[in-house]
Amino acid sequence: MSFWDDAYRATPPWDIGRPQPAFVELVRNGELNPGRVLDVGCGTGENAIFLAQNGFLVTGIDFVQNAIRAAKARAAERKVKVDFRVGNALSIESGKDEFDNVVDSGLFHIFSDEERLVFAQEAARILRKGGNYFMMCFSDKESTDWGGPRRVTRREIRQTFSRLFKINYIHDTLFATRIHNTGGRAYLTSATKD
Ligand code: SAH
């Protein structure tokens, strides 16, 4: 059993039972393009459900079957329509669909250097021109004492995405978890496909 499958046998630290405050703020500020959203590495679906409740047409993919099962159950319970599917963010099955937005809460920071480049290409491929990518990852300002995923620098984000995207900003933000009081120090990136 992989680390990720195993993580969902209990409640993982990132599964906070509500959408991430940084993404709630993005919606409040009207930063997403209207229309379709792909939530990559959607976990149990809180962000995707929140977006659907706010008028977006949302697809959520995660490669852990149990996470997708839980996401589907939550959406059904709350009577919200989201297309949750098991899928790999490094090889996205999108058919003819082009997305207006891709959201990434805590996926990018788990990738290796090679995977980062593959993922950036995949995100660009499935977005329409002018489509937005929003990404939250732990930053180099967060302590490594507790382990967890890679800490990412602004420079690494620029290096990965600037060939295919215009980077609008990389802001300091907080990643809410079950193990931090106020959240882990993180970056919120907004980028637009050229
Ligand atoms: N976005 C969710 C989960 C973050 S944890 C949230 O904010 O709560 C990272 C998620 O990415 C996990 O659910 C893990 O199963 C998923 N994941 C990791 N690698 C993946 C890949 N290559 N394709 C799809 N999902 C992946």
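Which of the residues belonging to the range 46-77 are within 21 Å of residue 11 (Cβ to Cβ) and either away from the ligand (no atom under 12 Å from the Cβ) or more than 15 Å from the chain's Cα centre (by Cα) (or both)?
Within the range 46-77, the first condition is being within 21 Å of residue 11 (Cβ to Cβ), and the residues that meet it are 46-50, 60-77.
Within the range 46-77, 65, 66, 69, 70, 72, 73, 74, 75, 76, 77 qualify.
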- Conditions (1) surrounded by fewer than 18 Cβ atoms within 10 Å (Cβ to Cβ); (2) in contact (Cβ under 8 Å) with a residue 12 or more places away in the chain: number failed by residue 162: (2)
- When residue 166 is run through (1) of a type outside the set (Asp, Glu); (2) under 23 Å from residue 19 (Cα atoms); (3) part of a strand (DSSP E or B), the failure sits at (2)
- Could you please find all residues in the range 78-127 being away from the ligand (no atom under 11 Å from the Cβ), open to solvent by 60 Å² or more (accessible area, probe 1.4 Å), among the basic types (Lys, Arg) and touching a residue at least 12 places away in the same chain (Cβ under 8 Å)? 78, 81, 125
- Item | Residues satisfying the stated conditions in the range 80-125, i.e. over 13 Å from residue 38 (Cα atoms) and in a helix (DSSP H, G or I) | 108, 109, 110, 113, 114, 115, 116, 117, 118, 119, 120, 121
- Checking residue 68 against (1) touching a strand residue (DSSP E or B) at 6+ places or on another chain (Cβ under 8 Å); (2) modelled with pLDDT of 95 or more; (3) not in a helix (DSSP H, G or I), the condition it does not meet: (3)
- Task: Filter the range 171-194 down to the residues that are of a type in the set (Val, Ile, Thr) and closer than 17 Å to residue 24 by Cα, then identify the one that is least open to solvent (accessible area, probe 1.4 Å).
- Result: 189
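The values are calculated or read from the model by the stated rules, or taken from the named source; none is laboratory data. Quick caveat, the model's predicted, so the values are computed rather than measured. All Cβ positions, glycine included, derive from the backbone under ideal geometry; neighbour counts span all protein chains shown. Keep in mind that these areas ignore ligands, DNA and RNA; they rest on the heavy atoms of the full protein, side chains included. Shrake-Rupley method; radii C 1.70, N 1.55, O 1.52, S 1.80 Å.
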